[in-house]
1. Find the residue count for the range 173-221, including only residues that are closer than 17 Å to Pro97 by Cα, buried (at least 17 other Cβ atoms within 10 Å of the Cβ) and of a type in the set (S, T, N, Q).
2. Do you know which residues across the range 59-79 are over 13 Å from Ser163 (Cα atoms) and touching a residue at least 24 places away in the same chain (Cβ under 8 Å)?
3. Do you know which residues across the range 142-193 are assigned to a helix (DSSP H, G or I), in contact with a helix residue (DSSP H, G or I) (Cβ under 6 Å, 6 or more places away or on another chain) and at pLDDT 95 or above?
4. For the range 10-53, name all the residues that are surrounded by 21 or more Cβ atoms within 10 Å (Cβ to Cβ) and either in a loop (DSSP other than H, G, I, E, B) or of a type in the set (Phe, Trp, Tyr) (or both).
5. Exactly one of these conditions fails for Thr103: (1) among the β-branched types (Val, Ile, Thr); (2) within 22 Å of Val50 (Cβ to Cβ); (3) exposed (fewer than 11 other Cβ atoms within 10 Å of the Cβ). Give me its number.
Amino acid sequence: MGTNGDYSFTAHSADCIAVVDQLGLPPVLVGASLGGMAAMLAVGTSDRIVSCGLVLVDIAPKTNPDGVERITKFMQSGINGFESLEEAAAAIAAYTPQRVRGTSTAGLMKVLRQREGRWYWHWDPQVLSHGRTEVVADQFEGLLDVAMRNIHVPTMLVRGLLSDVVTQEGVDDILARMPNVTVVGVAGAAHMIAGDQNDAFSEAVLSFLDEQIRPTLDRWPR
């Protein structure tokens, strides 16, 4: 992504395509939230084959603005850092009330970095300060419409049934655009499905690979 602060959907999509180009064979793309949006754009707007399958993790073309706003507020809550790992854990617990709060904070050291005595999330703050997309909203919506019409690989949407980002309205919308999408709902999971119910998420993805991707592998060049 470089240092120019361009964290637009299309920039993420271009990065996705650049990585795929290095692989030699089209992979199955599994994208959660922003990663799923980038994957949809990569598969649906590229002039070449990008993937042999697509797994969208609690993301759809139509999202619930209230849920997206809650994510933004959670990210903003740590923009100035935390005094301790315990304070960071409390912020996560407030965002994920459906989880049983653990007693250890050691795992947070994977996603936080300490600077000058405070703990900061391990991502660039410009993600929030820079515009999400370099095109105005109505133009981006048109681009997404084009992408949806051009996704022809087996696709699965894994939805957290407690999610406030992908609601039933969003599920109905993606099925109207792509009627062959497989939709799997994961009970007890909100937007961060793998963190909430990792076994159920993994089982859904593995079943998708076995049932819908494996039978198509002979189509792809070796």
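1. Initial filter on the range 173-221 (closer than 17 Å to Pro97 by Cα): 186-198.
Going one step further and asking which of them are buried (at least 17 other Cβ atoms within 10 Å of the Cβ), we end up with 186, 189-194, 196-197.
Then keep just the ones that are of a type in the set (S, T, N, Q); that gives 197.
Within the range 173-221, residues that are closer than 17 Å to Pro97 by Cα, buried (at least 17 other Cβ atoms within 10 Å of the Cβ) and of a type in the set (S, T, N, Q) number 1.
2. Listed by number, the residues that qualify are Pro61, Lys62, Thr72, Met75, Gln76, Gly78, Ile79.
3. Result: Ile193, single match.
4. Selection gives Val50, Ser51.
5. Every listed condition holds for Thr103 apart from (2).
The values are calculated or read from the model by the stated rules, or taken from the named source; none is laboratory data. All values reported here derive from a predicted model rather than from experimental measurement. When we count neighbours, we look across all protein chains shown, and the Cβ atoms used for this are built from the backbone with ideal geometry, even at glycine.
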